[in-house]
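Peer 1: For reference, the structure I am asking about is given below.
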């Protein structure tokens, strides 16, 4: 009868190459359906057998594999510039550029910050071709 590996409670943190926490990264024990997501500080906790492999992934970063050797780990994810060029964040989620069938326009945050207005709707007016911002409720709400 084979010995059953005892699981250990692994706590860790996921950061990017600048040391900033990665929020919402996926951490899965390889070969299982056991997984968790990192919190707002990049922290996570998962039960895994000793010597198991953790798969760590997040959009825009290269996936990492790490062998469980102890109860504490720190994982640094590296940027994946190629993947970032393929993903577009839209108002209802994120999609690959190749899957988008409608027209897209990019408005830089710097342009919005420089606009001397009181709300985002007014700031968008005139920055994106074909976009018409209409105000409702006496010109106070976009």
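The values are calculated or read from the model by the stated rules, or taken from the named source; none is laboratory data. What you see is a predicted model; the values in this text were computed from it and never measured. Glycine also receives a Cβ, built like all others from the backbone with ideal geometry; neighbour counts cover every protein chain displayed.
Peer 1: May I ask you to verify whether residue 41 is part of a loop (DSSP other than H, G, I, E, B), farther than 28 Å from residue 106 by Cβ, modelled with pLDDT of 90 or more and touching a strand residue (DSSP E or B) at 6+ places or on another chain (Cβ under 6 Å)?
Peer 2: Details: part of a loop (DSSP other than H, G, I, E, B): yes; farther than 28 Å from residue 106 by Cβ: yes; modelled with pLDDT of 90 or more: yes; touching a strand residue (DSSP E or B) at 6+ places or on another chain (Cβ under 6 Å): yes.
Criteria met by residue 41.
Peer 1: Just one of 46, 23 is in the same structural domain as residue 76 (by TED's automatic domain parsing), more than 17 Å from residue 65 (Cα to Cα), modelled with pLDDT of 90 or more and surrounded by 10 or more Cβ atoms within 10 Å (Cβ to Cβ); which is it?
Peer 2: So the residue among 46, 23 that is in the same structural domain as residue 76 (by TED's automatic domain parsing), more than 17 Å from residue 65 (Cα to Cα), modelled with pLDDT of 90 or more and surrounded by 10 or more Cβ atoms within 10 Å (Cβ to Cβ) is 23.
Peer 1: If I filter the range 79-88 for residues that are in a loop (DSSP other than H, G, I, E, B) and either at pLDDT below 70 or under 18 Å from residue 11 (Cα atoms) (or both), do I get at least one hit?
Peer 2: Of all residues in the range 79-88, those in a loop (DSSP other than H, G, I, E, B) come to 80, 85-86.
Filter again for either at pLDDT below 70 or under 18 Å from residue 11 (Cα atoms) (or both), leaving 85-86.
Taking every residue of the range 79-88 in turn, at least one turns out to be in a loop (DSSP other than H, G, I, E, B) and either at pLDDT below 70 or under 18 Å from residue 11 (Cα atoms) (or both).
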